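One structure is given below, encoded as structure tokens.
The values are calculated or read from the model by the stated rules, or taken from the named source; none is laboratory data. Quantities reported herein were computed from a predicted structural model and do not represent experimental measurements. Don't worry about glycine lacking a Cβ; one is built from the backbone with ideal geometry, like all the others, and counts go over all protein chains shown. Accessible surface is based on the protein model in full, side chains and every heavy atom, while ligands, DNA and RNA are left aside. Shrake-Rupley method; radii C 1.70, N 1.55, O 1.52, S 1.80 Å.
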Amino acid sequence: MNACTVCKRLTPKERCDVCGNPTSSNWSGLLIITDPEESELAKELNITIPGEYCLRVR
Amino acid sequence: MEDTNNSIYALKTSVGQERNVARLLSRKAQVSGIGISAILVPESLKGYILVESSTKIDLRNPDLKVQHLRGVVEGKHGITFEEAKRFLKPEPIISSIQKGSIVELISGPFKGERAKVVRIDESREEVVLELIEAAVPIPVTVKADQIRIIQKEAD
């Protein structure tokens with residue numbers, strides 16, 4: 001899996017599905033958001049789309 | 001806190017299976033609607049994951065039967081959002097390394113060797129080391145996550 005260098009969303013592709021920015025394979029920490037409307041953690045990171053995110057990307 | 005009734009639970013998993021457990025749990029949460037809204041797997045917590053849920057996590061619930069999931073950490077007050085938010089912004093390892101520190105290499109061809117930090121490149125997250133036990137001091141450049149600090153600063 002790769003992580004988007006801007007929105008930190010995980011994707012197997014070379015470019016992020018949502019924002020189109022390049023991705024990196026060097027990431028750590030995992031955050032899975034299933035319900036962004038209910039989740040306080042998603043609000044803290046301004047995540048509005050469900051999916052897998054990393055916590056840090058290089 | 002705030003207007004939510006969500007709580008954060010710490011779940012114990014087998015070490016090394018944290019991400020797998022999180023992915024399986026999220027899939028189960030979407031199918032059965034057990035109230036899980038987010039799952040956090042911090043790199044610094046080995047063998048544990050944090051789950052944000054609107055309902056109490058009870059492992060006797062058959063919807064929560066996941067391989068490598070060992071149990072729920074029971075506590076008086078549970079985990080607060082402030083504590084969980086600390087894990088959302090992990091501090092880069094490089095900020096804790098100082099010039100002159102004694103470190104041990106934990107991976108790569110010099111694994112197990114001790115070295116002294118000569119230079120730090122914060123933007124690339126690299127450090128230049130000089131191996132202590134080598135007869136001739138040769139600078140070695142490694143990524144910051146390949147070293148472990150033994151002594152903060154050399155005397």
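Taking each residue of the stretch B:133-155 that is over 10 Å from residue B:93 (Cβ atoms) and outside any helix (DSSP H, G or I) and looking for partners that are charged (D, E, K, R) and open to solvent by 100 Å² or more (accessible area, probe 1.4 Å) with beta-carbon atoms closer than 9 Å, six or more apart or interchain, yields B:133/B:114; B:139/B:119; B:141/B:119; B:150/B:114; B:153/B:99. Taken over the stretch B:1-43, the criterion of being part of a loop (DSSP other than H, G, I, E, B) and open to solvent by less than 10 Å² (accessible area, probe 1.4 Å) is satisfied by B:42 alone.
Of the residues making up the stretch B:32-43, those that are within 11 Å of chain A (Cβ to nearest Cβ), over 15 Å from residue A:36 (Cβ atoms) and small (Gly, Ala, Ser) number 1. Scanning the stretch B:44-93 for residues that are charged (D, E, K, R) and either at the interface with chain A (Cβ under 9 Å from one of its Cβ atoms) or assigned to a loop (DSSP other than H, G, I, E, B) (or both) turns up B:46, B:52, B:56, B:58, B:60, B:65, B:74, B:76, B:85, B:89, B:91. Of all the listed residues (A:10, A:41), the sole one being over 11 Å from the mean Cα position of the chain (by Cα), among the aliphatic types (A, V, I, L, M) and crowded, with 17+ Cβ neighbours inside 10 Å is A:41. Every condition in (1) open to solvent by 40 Å² or more (accessible area, probe 1.4 Å); (2) touching a helix residue (DSSP H, G or I) at 6+ places or on another chain (Cβ under 9 Å); (3) of a type in the set (D, E, K, R) is met by residue B:52 except one, and the failing one is (1).
Restricting B:74, B:82 to those that are open to solvent by 80 Å² or more (accessible area, probe 1.4 Å) and closer than 20 Å to residue A:43 by Cα reduces the list to B:82. Within the stretch B:43-68, the set of residues being without any contact (Cβ under 8 Å) to a residue 40 or more places away in the chain, in contact with a strand residue (DSSP E or B) (Cβ under 9 Å, 6 or more places away or on another chain) and of a type in the set (Asp, Glu) comprises just one member, B:58. Can you name every residue in the stretch A:44-58 that is buried (at least 21 other Cβ atoms within 10 Å of the Cβ) and β-branched (Val, Ile, Thr)? Within the stretch A:44-58, A:57 is the sole residue that qualifies.
Taking the stretch B:103-147 as the range and being surrounded by fewer than 12 Cβ atoms within 10 Å (Cβ to Cβ) and not hydroxyl-bearing (Ser, Thr, Tyr) as the test, the residues that pass are B:109, B:111, B:112, B:133, B:135, B:136, B:138, B:139. One residue stands out in the stretch A:17-38 among those that are open to solvent by less than 60 Å² (accessible area, probe 1.4 Å), assigned to a loop (DSSP other than H, G, I, E, B) and at the interface with chain B (Cβ under 7 Å from one of its Cβ atoms): the one that is farthest from residue B:45 (Cα to Cα), namely A:35.
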